[in-house]
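One structure is given here, and the rest of the page talks about it.
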């Protein structure tokens, strides 16, 4: 279903007009399995890193690998002002656990963070590395698996004759079929 949504979106005329107008290379909006799974990986990897301007970090990956930029940008918004405190606190606790360090009681104030940054920096980024690598890798393989199973399901339904074509407009309907009321 997700695959079909991306296919329908990429064929949309307004999207083509937008990319032509602003001279955006279409491969940055491509919706195939590899581009989407890479985008999910990169977006989630960046999302778990406590740093400002995460969207610019996603854009910095463009010269090095091909991926769907819009999906990666959307994925990096997993860490937003509402989710950041909880994410970073869990990363800090995980990093402290992995390093065998005692945790410092945390207060959610800028003053506390400026005074204790040296104590929490290493455990925070060890936890960040753990979650960035594990969650983004898991999501990458999950997207690949779901995409392949969707393709396999469509292929099997075509073989069995149970495939139902997705009709979006009345004009797309074959001439011999009547519209269902």
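We did not get these values from a lab; they are worked out from the coordinates using the rules stated. For clarity, every value in this text was computed on a predicted model and none was experimentally measured. Don't worry about glycine lacking a Cβ; one is built from the backbone with ideal geometry, like all the others, and counts go over all protein chains shown.
Using Stokes-Einstein with the Kirkwood hydrodynamic radius over Cα pairs, what translational diffusion coefficient do you get for the stretch 2-154 at 20 °C and a viscosity of 1.002 mPa s, in µm²/s rounded to a whole number? Could the numbers behind the result be given before it?
Details: Rh = 17.3 Å.
It comes out at roughly 124 µm²/s.
Taking each residue as 0.36 nm, the span from residue 19 to residue 114 lengthens on full extension beyond its C-alpha to C-alpha distance by 29.8 nm.
Highest mean first, what order results for 117-130, 144-157 on Cβ atoms within 10 Å? Intermediate values should be presented prior to the final figure.
Values: 117-130: 16.6, 144-157: 12.7.
The densest-packed peptide leads the list: 117-130, 144-157.
Extension gain, residue 106 to residue 66: 0.36 nm times the residue separation minus the Cα-Cα distance gives 10.4 nm.
With each label modelled as a point 7 angstrom along the Cα→C-beta vector, the residue 93-residue 32 pair spans 4.3 nm. Each residue, residue 156 and residue 80, gets one label point 7 Å from its Cα in the Cβ direction; the gap between the two is 3.6 nm.
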